[in-house]
Each structure stands twice: as structure tokens, then as C-alpha cells.
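The values are calculated or read from the model by the stated rules, or taken from the named source; none is laboratory data. None of the values given here were measured: they were computed from a predicted structure. Cβ coordinates were reconstructed from backbone atoms using ideal geometry, including for glycine residues, and neighbour counts include every protein chain displayed. Each accessible area value is taken on the protein alone, full model and side chains, heavy atoms only, with ligands, DNA and RNA left out. Shrake-Rupley method; radii C 1.70, N 1.55, O 1.52, S 1.80 Å.
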Amino acid sequence: MTTPPADRTPRQWALARAVSDIDDHVAKLPWDGPVHLFALIRTAEALASDEQFAAELPGSIKVEAEGDPEHLTSVEQDQLPEVDELEDLLARIAWPEAVAGAAIVVERIVLPPEAEAGLGPEADASAYLNHPQREDVRMVVGVLRSGETWSVLRMRHHEADVMGGENLVPGLAEALLATFD
């Protein structure tokens with residue numbers, strides 16, 4: 001088990017590790033993919049209460065969880081409802097008490113501020129899609145029921161440069177946290 005940095009609590013460290021693991025998983029998938037949603041469960045609690053889960057989990061993860069009660073396992077949620085807007089999806093999500101947190105993976109197009117300002121308020125989606133300074137960003141945002149957040153950002157044209165931090169995508173973190181209300 002790796003020791004958490006002094007500037008993070010064990011719970012924050014567990015969330016950062018889980019979100020980074022999800023990022024590593026989706027980084028192997030092609031770009032322009034769907035939204036991915038994950039439940040985050042405390043591994044030790046799940047091992048103690050679910051024999052099937054315990055049988056499916058690799059031994060190395062079991063060892064980590066035995067030494068770290070904050071250790072999280074991500075469980076991808078299949079068959080998400082069809083919605084037009086991400087906000088509509090999040091409004092439909094409710095988690096049982098056994099779920100300690102959640103993570104979501106979304107892709108967005110971003111432009112430098114000066115390029116976006118140059119488009120004007122009436123620009124349509126094609127103006128963004130075809131802009132020469134466009135950059136595709138994959139965001140993995142995780143939250144815990146207790147309020148901690150962590151995000152990982154990866155750009156399509158700079159995939160090796162991965163950025164992680166607590167408040168990188170605050171609006172999405174707040175919306176995901178609201179699924180626990």
C-alpha cells in the first residue's frame with residue numbers, strides 16, 4: 001500500500017486513486033465515446049458483506065483493502081438511460097447507502113478563451129466542432145458522499161499529459177454530488 005501524501009487525508013487519497021484508476025481504464029477506449037458512470041464502494045465493506053464480490057476480486061486488491069479501510073472499488077453502471085443532456089441523466093440517479101461515492105466520465109470540446117470570445121454568442125455547435133484551436137478533453141470526476149472531490153483531465157492531442165486535482169471541474173462535481181441528496 002502506498003502512503004498518502006501529507007496534504008491529503010486517507011479518504012481523499014482513496015478517491016484520487018479510484019478516479020485515476022478509472023481514467024487509466026477509459027484511456028484504453030477510443031475517443032468520442034459515451035458517458036460512463038461508476039459507483040464507488042468501500043472495498044473492505046463489500047468484501048465483508050458480499051461473498052460473490054470477494055470471489056471475483058483479485059487477491060492484490062483484497063490485500064490493499066485489508067490495510068486500507070478507505071480503499072474504493074469502482075463498479076461501472078451499465079444501461080444508462082437515454083437522455084439529451086447530462087443534467088437530465090444526473091437528475092435520474094439515486095444511490096443506495098452502500099455506495100460511498102460516484103464517478104463520471106464525459107468528453108467535451110474546449111477552446112482557448114480568446115477563440116471562444118471570437119465566435120460570438122450566436123455560434124452553433126459546428127463552429128466549435130470545426131474550429132482549428134478546438135481541443136477534446138476527457139474528464140473523470142469523482143465525489144464521495146462525505147463531500148470530497150477529485151478530477152482527472154486528459155486532452156486528446158496531449159494524452160500523455162494528465163492533470164489531477166480537487167477543483168478542476170467544480171460544476172460537474174457539484175452535480176454529481178447532488179445525486180446523493
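Structure data summary
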read-out	value
Longest exposed-site-free window of the chain, the sites being GluC sites (Glu not before Pro) in a DSSP loop that have at most 13 other C-beta atoms within 10 Å	1-81
Cα-centre dipole for the stretch 99-155 with unit charges at Cβ (Lys and Arg positive, Asp and Glu negative), debye to 20	340 debye
Charge dipole (the stretch 62-158, unit charges on Cβ, about Cα centre) - positive-most of HIS157, SER126, ALA102	HIS157
The stretch 1-96 - charge dipole about Cα centre, Lys and Arg +1 at Cβ, Asp and Glu -1, debye rounded to 20	420 debye
Sparsely packed trypsin sites (Lys or Arg not before Pro) within the stretch 26-80, loop by DSSP, other Cβ within 10 Å at most 10	LYS28
Dipole magnitude (debye, nearest 20) for the chain, charges at Cβ of Lys, Arg, Asp, Glu	420 debye
Qualifying trypsin sites (Lys or Arg not before Pro) for the stretch 108-181 [loop in DSSP, other Cβ within 10 Å: at most 12]	none
Integer Hz, Karplus 6.51/-1.76/1.60 couplings in order for the stretch 66-79, x for Gly and Pro	5, x, 9, x, 8, 3, 10, 10, 9, 10, 5, 8, 7, 6
Normalised per residue, the volume of the convex hull around the Cα set of the stretch 5-135 (Å³)	169 Å³
With DNA, RNA and ligands ignored, accessible area of MET139 (1.4 Å probe; Å², nearest 10)	30 Å²
LEU168 long-range amide H proximity, modeled H, under 5 Å	SER151
Inter-part distance where the stretch 1-62 and the stretch 109-129 are each reduced to a Cα centre, Å	36 Å
